[in-house]
1. Hey, could you pull the Cα Rg and Dmax for the stretch 7-141, both in Å?
2. Going down the list LYS16/LYS136; LYS26/LYS136; LYS72/LYS136; LYS25/LYS160, which pairs span over 24 Å between their C-alpha atoms?
3. For PRO13, what is the net charge nearby, where nearby means another residue's Cβ is under 10 Å from its Cβ and Lys, Arg count +1, Asp, Glu -1?
4. Where does the chain land at 222 nm, in deg cm²/dmol rounded to the nearest 500, when only DSSP H runs of n ≥ 4 count, each adding -39500 (n - 2.57), divided by all residues?
5. For the chain, give me the percentage of DSSP beta bridges that are antiparallel, rounded to the nearest 5 percent.
6. Compute the distance from the alpha-carbon center of the stretch 52-131 to that of the stretch 208-252, in whole Å.
7. Hey, what did the chain get for relative contact order, percent, Cα under 8 Å, at least 6 apart?
8. Per-residue HN-Hα couplings for the stretch 237-247, Karplus 6.51 cos²θ - 1.76 cosθ + 1.60 at θ = phi - 60°, whole Hz, x for Gly and Pro?
Amino acid sequence: MHYSERARFCKNPLAKKLFQLLEQKKSNLALSADVTQAQKLLDLAELIGPEICVLKTHIDIVEDFTPALTQKLNELAHKHHFLIFEDRKFADIGNTVKLQYQKGIYHIADWADIINAHSLPGPGIVSGLSEVGLAKQRGLLLLAEMSSANHLFQPDYTQKTVAMAEQFPDFVMGFIAQRKLSSHPAWIYLTPGIQFAEKKDALGQQYITPHQAIVQNGTDIIIVGRGIIQANDPLSEARKYREAGWQAYLQS
């Protein structure tokens, strides 16, 4: 199915919006903006924003964070038509993650369209996050697989994560995964660890190509970080990844 066709099956409004955005913008590229300075993050969002569907942040690594940063990110998201995904990886009991999502210095629920969480604590983690996110029409991705070497995501754990998602279709929109995990068309799959060359880094990150992720493994959105950020010309490189990801989608 086309992305727009799959949107009809989504019970989560943000998942429907994202599928429609992919078709409208003709981009299934997400930028992983793992930078430690606020201005660098804003500069990347301004420069690469027209090429992407999602901007993925790690807000707690920004050394000079202020609330003005997330306000400006939201303005750029509106300007360039992308969603913001805070890669927080919540992993605690329901009451604790509810507070982490809503309170503290970051107030993630106020500006991040998408968040993610480990399923390890059980369904209470989804219930806690949904108590905050549902009213704001946010969406949750569950971590079903990771791209690091020797991870502990065994097949049984992954399938139990999918089963947990099925209990919360109004809030869970899909998965962080290396491959398609279910035949249900409503789930959206975001795949990290994407570069044009298959390789590993010194800390166990394993890379696959856009073609492998989308055509061979059946996922939807490619997440690219250092392959763009560390390029001599990040904008030109982002355009190459956008084209590769979209062509892979058309081929699939």
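Read-outs: derived from the displayed coordinates by stated rules, not from any lab. All values derive from a computational prediction rather than experimental measurement. Heads up, the Cβs are rebuilt from the backbone with ideal geometry, glycines too, and the neighbour counts pull from every protein chain shown.
1. Taking only Cα atoms of the stretch 7-141, I get Rg and Dmax of 14.6, 41 Å.
2. Correct reply: LYS26/LYS136; LYS25/LYS160.
3. That works out to +3.
4. So the helix-based figure for the chain works out to -11500 deg cm²/dmol.
5. 5
6. Measuring centre to centre over Cα atoms gives 24 Å.
7. Averaging sequence separation for qualifying contacts and normalising by length gives 19 percent for the chain.
8. Here the 3J(HN,Hα) series is 5, 4, 5, 5, 5, 4, 5, 5, x, 5, 5 Hz.
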